[in-house]
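Undergrad: One structure follows; several queries about it will come next.
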Amino acid sequence: MKMNRFLLFTFAALLFSDAQLLFAQGPLENGGNHEGATSPIGDEDTWTFTANAGDTIILRCGELSGTTSYNPFLRLLTPNGVLMAQNNGAADSYISVRATNSGTFSAIVSSGFANQTGTYNLRLVKAPGAFIVPAGDEGGVLVNGGNHTGTNSLGDEDAWSFTAAVGDNITLRVGEIVGTASYSPFLRLYGPTGVLIGTDNDNSDSYFNHRATNAGTYTVVIGSANQGHTGSYNLRLVNVPGTFTVSAGDEGGALTNGMNHFGTTSNGDEDAWTFTASVGENITLRCGELTGTGSYNPYLRLIGPTGVQVAFDNDAADSFINHRATNNGVYTVIVGAWFRGHTGTYSLRYAKAPGAFTVPSDDEGGPLTNGGNHAGTIANGDEDMWSFTAAVGDNLTLRVGEVTGSANFYPYLRLIGPTGIQIAFDNDASDSYINHRATNAGVYTVLVGAWFQGHTGTYSLRYVNSQQPYTVPVGDEGGALTNGMTHFGTTSNGDEDVRSFDASAGENITCASARLPAPAVTIPSSASSAPLASRTPSTTMPPIPSSITVPPTAAPTPSLLARGSAVTPALTISTT
């Protein structure tokens, strides 16, 4: 009877031990959560999985409960039983290696300190390869342009994936939503062959950009950069070229030529915008900060139809890109924060020439009136678009003057022809000027902005086409000249007064101008200072020449912006 009781007790103990083994050990599933207990004292749980040479293996083991110094101790053994890596953290152990052998690997979990027990969660992420997403956890397929939120608890590694082609431009950004003091979202990108392409971690905002060299499925893994810390995050993927989603409540999508587009970039946010362009078109992008933390600095990038990053810029408050398209197709614009961990709001302006454009209801731009004054205001990120039509041979004058502005506003004036070529540009501290004789017929585009990024101001723009009818603005000067009359005028910054008259072939035309009030006359030191009445006239007459030559009227000294001036020819008087 006693023997039977002993056998029964032994059998029950064996059943209990086997149940523990079944609960705490066995095959690991890629992406899955595996819970276990290292108890009684001295217990070691062994888990197994299969991997191929070249696979990346990530193991993370987090404490669920335990005695004071439990510290889950994690070891990885190769298929032939050699210790490959080991780690133990106060509450969170981590291993990342690339397999050099194919076969069955073993992961062993025990207590890091003797005489301690506890429970744990073990996660395996293997790349490449299909993985599962545990119920109630985060991961899976990334949607291009979408927001993907997740939470990293102790021992947690969230696996995400997407497909890319060779040449695709891949941007990943993950921002902390909430977390313990040193959570620091840890971002890793693995290629289709299991190679670690890149990694980044930041206190609150991790970023990585890569141009794909392999086609296939890429794996993204998110966890805490510092062991023993937890938090939640937002993950954004932008893959160009390709169709992307604009998440509800976020900003992005198709850009309208000439319009302002507003957005907000929070931690982990990258706003994607698109437009279509043809070869030869002139593209201007300007992004100005509206509000932001200390070092927000809007980060502006332009990516072409093939995935090549064409240009980028970042400025403390005002980023600028100008590019002439070399490919037809859809271009992508991405806006984020240049300095990680900073956030802000922005205004994005897109200007493409040639092409019809829209003038925002509260902004300036549109068709220019020949001879008219056109007023405008330049804020951060602003580029005002104006246009006019000209014929071959037309003489075109553009002048823009600063009315008010910050110290280095410097109005920046650009003229773009009907084919998209930038014909001319100028910038000056207060008064920019362009003169051009049209070599193409069609619609010309004029852009006005600030030459120095981050500066703002107001301006007056004057357009004159000498071969077309013009207007004289109310309160300004210009119009038809009366033969023999004096005509007065005032030229302020950016002002060009237009006057006209009729003439026939062969008629002699004289035009002269003077500054008012006239400058004071200085008598040279070599001249006599005696009054005219006290001088004794000479009684000796010089011989009379056979002819007298009257020199032409002296031409005024040309200014920086010289124009052609008619000069009266010399007149010869013959005598007998």
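Undergrad: So for region 39-172, Kirkwood radius off the Cα pairs, Stokes-Einstein at 10 °C and 1.306 mPa s: how many µm² s⁻¹?
TA: The diffusion coefficient I find is 97 µm²/s.
Undergrad: With only Lys, Arg, Asp and Glu charged, each at its Cβ (+1 for the first two, -1 for the last two), find how big the charge dipole of region 234-356 is about the Cα centre; round to the nearest 20 debye.
TA: So the magnitude is around 240 debye.
Undergrad: Still on this structure, please answer the following. With every protein chain kept in the model, how would you rank Ser161, Ser182 by accessible area, 1.4 Å probe, largest at the top?
TA: Result, largest first: Ser182, Ser161.
Undergrad: Here's a follow-up. Along the charge dipole of the chain, pointing to its positive end and built from +1/-1 on Cβ of Lys, Arg, Asp and Glu, which listed residue (Ala390, Ser406, Asn30) has its Cα farthest out?
TA: Going by the charge dipole, the pick is Ala390.
Undergrad: Put Thr171, Thr274, Thr104, Thr486 in order of accessible area, largest first, 1.4 Å probe: what do you get?
TA: Listed by decreasing accessible area, they come as Thr486, Thr104, Thr274, Thr171.
Undergrad: Determine ³J(HN,Hα), in whole Hz, for all residues of region 440-452 in sequence, where each value follows from phi through the Karplus function 6.51 cos²θ - 1.76 cosθ + 1.60 and θ = phi - 60°; x replaces Gly and Pro.
TA: Ordered by residue, 3J(HN,Hα) equals 9, 8, x, 8, 9, 10, 10, 10, 10, x, 9, 5, 8 Hz.
Undergrad: Mind sorting out which of (1) 30.2; (2) 32.2; (3) 36.7 is the real Kirkwood radius over Cα pairs in Å computed from the coordinates?
TA: The listed entry that was calculated here is (1).
Undergrad: Enumerate the amide H contacts of Ala85 below 5 Å, restricted to partners 5 or more residues apart or on another chain; note that Pro and chain-start residues carry no placed amide H.
TA: Counting only residues 5 or more places away or on other chains, the set is Leu76.
Undergrad: Another one. Could you tell me the accessible area of Thr419 in Å² (1.4 Å probe, neighbours in place), rounded to the nearest ten?
TA: Its accessible surface works out to 70 Å², give or take rounding.
Undergrad: Do you know the relative contact order of region 58-121, to the nearest whole percent, from alpha carbon pairs under 8 angstrom that are 6+ apart?
TA: For region 58-121, the relative contact order is 47 percent.
Undergrad: Using a 1.4 Å probe on the protein heavy atoms only, what accessible surface does Tyr296 show? Give it in Å² to the nearest 10.
TA: Around 0 Å² of this residue is reachable by solvent.
Undergrad: In debye, nearest 20, what is the charge dipole magnitude of the chain about its Cα centre with +1 on Lys and Arg Cβ and -1 on Asp and Glu Cβ, if you could check?
TA: Dipole about the Cα centre, nearest 20: 1080 debye.
Undergrad: For region 280-416, just say rounded, prolate or oblate: build the C-alpha gyration tensor, square-root its eigenvalues into a ≥ b ≥ c, call rounded for a/c under 1.5, and beyond that prolate if a/b exceeds b/c, oblate if not.
TA: Since a/c reaches 1.5 but b/c is at least a/b, the shape of region 280-416 is classed as oblate.
Undergrad: Also, quick follow-up: Placing +1 at every Lys and Arg Cβ and -1 at every Asp and Glu Cβ, with all other atoms neutral, what dipole size does region 143-285 have around its Cα centre, in debye to the nearest 20?
TA: Its charge dipole is roughly 280 debye.
Undergrad: Now, a different point. Whole-Hz Karplus ³J(HN,Hα) for region 264-269, in order, using 6.51 cos²θ - 1.76 cosθ + 1.60 and θ = phi - 60°, x for Gly and Pro?
TA: 10, 10, 8, 4, x, 9
Undergrad: Oh, and also: State, as an integer percentage, the relative contact order of the chain based on alpha-carbon contacts under 8 Å between residues 6 or more apart.
TA: Relative contact order comes out at 9 percent.
Undergrad: Tell me, what are the semi-axes, in whole angstrom and largest first, of the equivalent ellipsoid of region 198-272 as set by the roots of 5 times the Cα gyration tensor eigenvalues?
TA: Output for region 198-272: semi-axes of 27, 19, 10 Å.
Undergrad: Need the C-alpha centroid separation for region 304-367 versus region 424-463, integer Å.
TA: 19
Undergrad: Provide the per-residue ³J(HN,Hα) series for region 123-136, in order, calculated from phi with Karplus coefficients 6.51, -1.76, 1.60 and θ = phi - 60°, each as a whole number of Hz, with x at glycine and proline positions.
TA: 10, 10, 10, 10, 10, x, x, 5, 9, 9, 10, x, 4, x
Undergrad: Name the long-range amide H neighbours of Ser161: under 5 Å, sequence gap of 5 or more, or other chain; modelled H, no Pro or chain starts.
TA: It is Gly140, Val141, Leu142, Val220, by chain and number.
Undergrad: Show His487, His455 ordered by accessible area, largest first, where the area counts protein heavy atoms only and the probe is 1.4 Å.
TA: His487, His455
Undergrad: Per residue, what accessible area does the chain have, given a 1.4 Å probe and all protein chains present, in Å²?
TA: 49
Undergrad: Hey, another quick one. Could you compute Rg(Cα) / (2.2 N^0.38 Å) for region 343-423, with N its residue count?
TA: 1.22
Undergrad: Sort out for me the Cα centre separation of region 89-129 from region 181-207, rounded to whole Å.
TA: When both Cα centres are located, 20 Å separates them.
Undergrad: Continuing with this model, one more query. What number comes out for the charge environment of Gly146, summing +1 per Lys or Arg and -1 per Asp or Glu over other residues with Cβ under 12 Å away?
TA: Summing Lys and Arg as +1 and Asp and Glu as -1 gives -2.
Undergrad: Something else about it: Based on DSSP, what percent of beta bridges with both residues in the chain are antiparallel, to the nearest 5?
TA: Rounded to the nearest five, the antiparallel share is 95 percent.
Undergrad: Could you state the angle between the C-alpha long axis of helix 2-24 and the longest principal axis of the C-alpha atoms of the chain, as a value from 0 to 90 degrees rounded to the nearest 10?
TA: Once rounded, the angle reads 10 degrees.
Undergrad: Could you grab the relative contact order for region 250-322? Cα pairs under 8 Å, six or more apart, rounded to a whole percent.
TA: For region 250-322, the relative contact order is 26 percent.
Undergrad: When the helices in the chain are scored as -39500 (n - 2.57) per DSSP H run of 4 or longer and the sum is shared across all residues, what 222 nm value do you end up with, to the nearest 500 deg cm²/dmol?
TA: One gets -1500 deg cm²/dmol as the mean residue ellipticity at 222 nm.
The values are calculated or read from the model by the stated rules, or taken from the named source; none is laboratory data. Bear in mind that the values here come from a model prediction, so they are computed numbers and not experimental data. Here Cβ is always computed from backbone atoms with ideal geometry, including for glycine, and neighbour counts include all displayed protein chains. Surface areas here come from the heavy atoms of the whole protein model, side chains and all, with no ligands, DNA or RNA. Shrake-Rupley method; radii C 1.70, N 1.55, O 1.52, S 1.80 Å.
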